[in-house]
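Single-structure report; data block below.
The values are calculated or read from the model by the stated rules, or taken from the named source; none is laboratory data. Keep in mind it's a predicted model, so treat the numbers as computed, not measured. Quick reminder, even Gly has a Cβ in these numbers, built from the backbone with ideal geometry, and neighbours come from all protein chains shown. What goes into the accessible areas is simple: the full protein's heavy atoms, side chains included, and nothing from ligands, DNA or RNA. Shrake-Rupley method; radii C 1.70, N 1.55, O 1.52, S 1.80 Å.
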Amino acid sequence: QVRLVESGGGSVQAGDSLRLSCTVFGSDFSPNALVWGWYRQPLGKSRGLVATISNSGGAKYADSVKGRFTIFRDNAKTTAYLQMANLEPEDTADYYCKMTAINPIRDHEYWGQGIEVTVSS
C-alpha cells in the first residue's frame, strides 16, 4: 500500500526557514514517473497549490511563494522537499504533499496526511 509521510513542520518566527520532506513508502513506481506537489490549506480556507516539480525536474510556484520557496526531489530516496525561506505569517497552514505516478493508462494520485506550519510575527 502506497503511503506518503511528511516531516519537517513546526512553529517558527517570521523570517525563519523550514524544510518539509515527503517520502513515499510501498511504491513500485519508477521515480522517473513521479510528479510531486506541495499544497497548503490555511485554517478555514481551501487547499491551494504551492509548488510542483515534474518528472523531468521542471518546477512551478504559486506567485505568493516565488523567490522564497524551492521544491526539489531526490529520486534515489523517492523523496520530495519544500525548502521555505523568509517565512511570513501568511504562510501559516497545513501543508500537504501530493505524488502523481504518471501512467499511460491512468495516473495514480496519492496524498500525505498533512503537516502543520505556524509562522509568528
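For the reader, a short list of remarks on this structure follows.
- Hey, Gly48 within 14 Å of the chain's Cα centre (by Cα), surrounded by 14 or more Cβ atoms within 10 Å (Cβ to Cβ) and not hydrophobic (A, V, I, L, M, F, W, C) or not: no
- Listed conditions (1) touching a Ser or Thr at 6+ places or on another chain (Cβ under 7 Å); (2) of a type in the set (D, E, K, R); (3) in contact (Cβ under 8 Å) with a residue 24 or more places away in the chain are all met by Lys60, apart from (3).
- One residue stands out in segment 19-38 among those that are assigned to a strand (DSSP E or B) and surrounded by fewer than 21 Cβ atoms within 10 Å (Cβ to Cβ): the one that is nearest to the chain's Cα centre (by Cα), namely Ser21.
- Residue check, Gly57 open to solvent by 30 Å² or more (accessible area, probe 1.4 Å), over 23 Å from Val2 (Cα atoms) and either part of a loop (DSSP other than H, G, I, E, B) or at pLDDT 95 or above (or both): no
- When the residues of segment 66-120 are filtered to those that are assigned to a loop (DSSP other than H, G, I, E, B) and at pLDDT below 95, the one that is surrounded by the most Cβ atoms within 10 Å (Cβ to Cβ) is Thr78.
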